[in-house]
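Below is one structure; the comments refer to it alone.
The values are calculated or read from the model by the stated rules, or taken from the named source; none is laboratory data. What you see is a predicted model; the values in this text were computed from it and never measured. Backbone-built Cβ (ideal geometry, glycine too); neighbour counts: all protein chains shown.
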Amino acid sequence: MTKLADPAALAAWQAALAAADGHDRPTLTVCGGTGCRVYGSERVCAALQQESDRRGADLAVKVTGCHGFCERGPLVVSHPERQMYTRVKPEDAREVVAAVLDGRPVADRLRYPDPQTGLPIQHEQDVPFYRHQHRLVLDLNGTLDPLSLDDYVAAGGYAALAKALTALTPAAVIAEVKAAGLRGRGGAGFPTGAKWEACRRQPGDVKYLICNADEGDPGAYMDRSIMEGNPHRVLEGLLIGAYAIGARQGFVYIRNEYPLAVKHLRAAIAQAEARGLLGENILGTGFSFHLSVRLGSGAFVCGEETALMASIEGRVGEPRPRPPYPAEAGLWGKPTNINNVKSWAAVPLIIANGAAWYAALGTPTSKGTLIFSVVGKINNTGLVEVPLGISLRQLIFDIGGGIPNGKQFKAAQIGGPSGGCIPAEHLDTPIDYESLSALGAIVGSGGLVVADEDTCMVDFARYFMQFTQEESCGKCVPCRVGTKAMLATLERICAGQGRPGDVEYLLELGETIKRSSLCGLGQTAPNPVLSTLRHFRAEYDAHILHQTCPAKVCKGLITYQVRPEKCTGCMVCLRNCAVGAIHGAKQQPHTIDPAVCTRCGMCQSVCKFDAVAVN
């Protein structure tokens, strides 16, 4: 493969690819993200290709990255008309190919039903999940083959790098990023341009650059999907950042649990090196940059920048005190800049389109778009990219499709285990850094877990505290001991052993951990508890003072009883009870012995007559 000698060669290659591209050629793009692969998208792709070959058709079948609408996968979209087929199975291949080639109608079961009318929606852009988004970073995820450098270049890839290297000085690149208002998408929200500038100003010729892809929040998979679907955009952002900062060596730190993202990232690095877009004398400009991949072992604390650097250096992944900050003394004691995957992927868009274009999105203090992974009690789970400043109501109901089974929205945990709960009365709060901070939450990296009316907020807080306690590195006492004490208190409350004063103890302990922990992870660990205490204090009081769980979730505070008037004596619950707590004769009302019952809920789940009640 011939290396590109200069930016003109890149432009000529891009023009040739654009001229050779059959824009009107029928194409089927199949979601190849991890989520759809679990649902069998690889078999769907093979079946579509086999059917196309059987017909001798001029039909391209392309595996892409994650389309985002994970709830309806596997997803297939036909181009250029962008008709969308959902929950496609291999046996649907003949019908889908016929619809594309012959213009036949496809069965309604492969269409997404309009939530308002129930009528099937044909085109991807008309689906409410997509219609209300503003996809910038994810714009090419559903169209590019992530293993094809040609695809990325044909879509304008690496043109921003060429622009930076030939038309902008390093200082001008930093000025563009600062003017765009890009803030770190890894959690802290620190201004990216200021971070770059601080690193560039440090003395010395050796500087390092790191992409933090150690995504560890429960339910979060934004970074993974970007690298699975468009790894070259992340590389281009890293190259532009390296030019601006003056770094010649960089690292992508990614968790080993992301094998597909690692595969695509390594392929992109090899392709870029072969074409002269990475390595020595890039595009003949004299700028050189080398990139290596480092695999993490899944430690949540390694998402913290100083622990991450320790891991890259081969030491135990533990944080260290700051200052000095990484921009001053980071990797191997040298000035180092660390940004999240989403931050790096936004950089080429800013350089290509200008700071004013990017800054026009969002709010005066929170610019651009943010990608959320929306999970939990919501109809449309998936990846959502929206301008900062959108309300929680728009995100959950207009895009997310609301709460399943007609249930009421109760709260959303935003920002992952380091974030906080936003209750229903704040649904119209804009999602930006300042507004969420005022409510005791953070934007974080974009994780959003939705809770409905059946969620116990005490148990909800216990779940996140259990995660942060297990993931604590244990280096500092406040986090190591404090999170364990908070978890033990929550577990005791959920077990029906709460005592007066527990709430005050949690508040005092949580604030102490926030003030005195060594790193940002420990400092934010109490947030789920503190925010639920702030917004759902009544539920804590019910558990402690009244020995009840309003949501009927906590096993230590509930009992299962049979409603005699509804029980038919079918004996299904009796046969499924693992501990023999249910008694009764056939066709006679049964009873449950509370002393033996383990509150597993199996009896209620198997009863077809709604005869088992929770009290």
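Tabulated data
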read-out: Flag if residue 161 is in contact (Cβ under 8 Å) with a residue 12 or more places away in the chain, crowded, with 21+ Cβ neighbours inside 10 Å and touching a Lys or Arg at 6+ places or on another chain (Cβ under 7 Å); value: no
read-out: Some residue of the stretch 25-39 being among the aromatic types (Phe, Trp, Tyr) and under 18 Å from residue 157 (Cβ atoms); value: no
read-out: Residues that are at pLDDT below 95 and over 17 Å from residue 187 (Cα atoms), drawn from the stretch 296-310; value: 296, 297, 298
read-out: Single residue of 334, 377 found to be over 21 Å from the mean Cα position of the chain (by Cα) and either aliphatic (A, V, I, L, M) or at pLDDT 95 or above (or both); value: 334
read-out: Residue ranges of helices (runs of 4 or more DSSP H) in the stretch 393-495 with at least 2 members within 19 Å of residue 506 (Cβ to Cβ); value: 457-471, 477-494
read-out: Set 150, 217, 223: member being of a type in the set (Asp, Glu), farther than 22 Å from residue 268 by Cβ and touching a residue at least 40 places away in the same chain (Cβ under 8 Å); value: 217
read-out: Conditions (1) surrounded by fewer than 19 Cβ atoms within 10 Å (Cβ to Cβ); (2) touching a Cys at 6+ places or on another chain (Cβ under 6 Å): number failed by residue 214; value: (1)
read-out: Selected residue (only one of 589, 550 is touching a strand residue (DSSP E or B) at 6+ places or on another chain (Cβ under 8 Å), within 30 Å of residue 605 (Cα to Cα) and touching a residue at least 24 places away in the same chain (Cβ under 8 Å)); value: 589
read-out: Qualifying positions in the stretch 251-303 - in a loop (DSSP other than H, G, I, E, B) and under 11 Å from residue 235 (Cβ atoms); value: 277, 278
read-out: Candidate set from the stretch 164-205 (those that are in a helix (DSSP H, G or I) and acidic (Asp, Glu)); member that is surrounded by the fewest Cβ atoms within 10 Å (Cβ to Cβ); value: 197
read-out: Test: residue 521 is within 34 Å of the chain's Cα centre (by Cα), surrounded by 14 or more Cβ atoms within 10 Å (Cβ to Cβ), assigned to a helix (DSSP H, G or I) and modelled with pLDDT under 95; value: yes
read-out: Scan of the stretch 321-345 for residues that are over 26 Å from residue 386 (Cα atoms) and touching a Gly at 6+ places or on another chain (Cβ under 8 Å), ordered by number; value: 334, 335, 336, 337
read-out: Selected residue [buried (at least 16 other Cβ atoms within 10 Å of the Cβ), within 23 Å of residue 35 (Cα to Cα), of a type in the set (A, V, I, L, M, F, W, C) and out of contact with any Asp or Glu (no Cβ under 8 Å at 6 or more places or on another chain)] from 61, 137, 153; value: 61
read-out: Counted residues, the stretch 67-114 - those being among the hydrophobic types (A, V, I, L, M, F, W, C), closer than 28 Å to residue 220 by Cβ and in a loop (DSSP other than H, G, I, E, B); value: 3
read-out: Filter result for the condition that a residue is among the small types (Gly, Ala, Ser) and not in a loop (DSSP other than H, G, I, E, B), over 327, 346; value: 346
read-out: Considering residues of the stretch 454-501 that are touching an Asp or Glu at 6+ places or on another chain (Cβ under 7 Å) and among the basic types (Lys, Arg) only, the residue surrounded by the most Cβ atoms within 10 Å (Cβ to Cβ); value: 462
read-out: Members of the stretch 247-280 that are among the polar types (S, T, N, Q) and either crowded, with 21+ Cβ neighbours inside 10 Å or modelled with pLDDT of 95 or more (or both); value: 249, 271
read-out: Out of 283, 239, sole residue that is touching a helix residue (DSSP H, G or I) at 6+ places or on another chain (Cβ under 9 Å), surrounded by fewer than 24 Cβ atoms within 10 Å (Cβ to Cβ) and modelled with pLDDT of 95 or more; value: 283
read-out: Members of the stretch 31-57 found to be basic (Lys, Arg) and free of Cβ contacts under 8 Å to residues at least 60 places away in the same chain, listed by number; value: 43, 54, 55
read-out: Residue 419 vs. criteria at pLDDT below 95, crowded, with 23+ Cβ neighbours inside 10 Å and over 23 Å from residue 343 (Cβ atoms); value: no
read-out: Helices (runs of 4 or more DSSP H) lying entirely in the stretch 527-615 (those with 3 or more residues that are within 31 Å of the chain's Cα centre (by Cα)); value: 527-535, 537-545
read-out: Pairs where the first residue, in the stretch 8-30, is on the phi < 0 side of the Ramachandran plot and the second is in a helix (DSSP H, G or I) and polar (S, T, N, Q), C-beta under 6 Å, 6+ apart; value: 30/41
read-out: Residue tally, condition among the acidic types (Asp, Glu) and assigned to a loop (DSSP other than H, G, I, E, B), over the stretch 1-59; value: 4
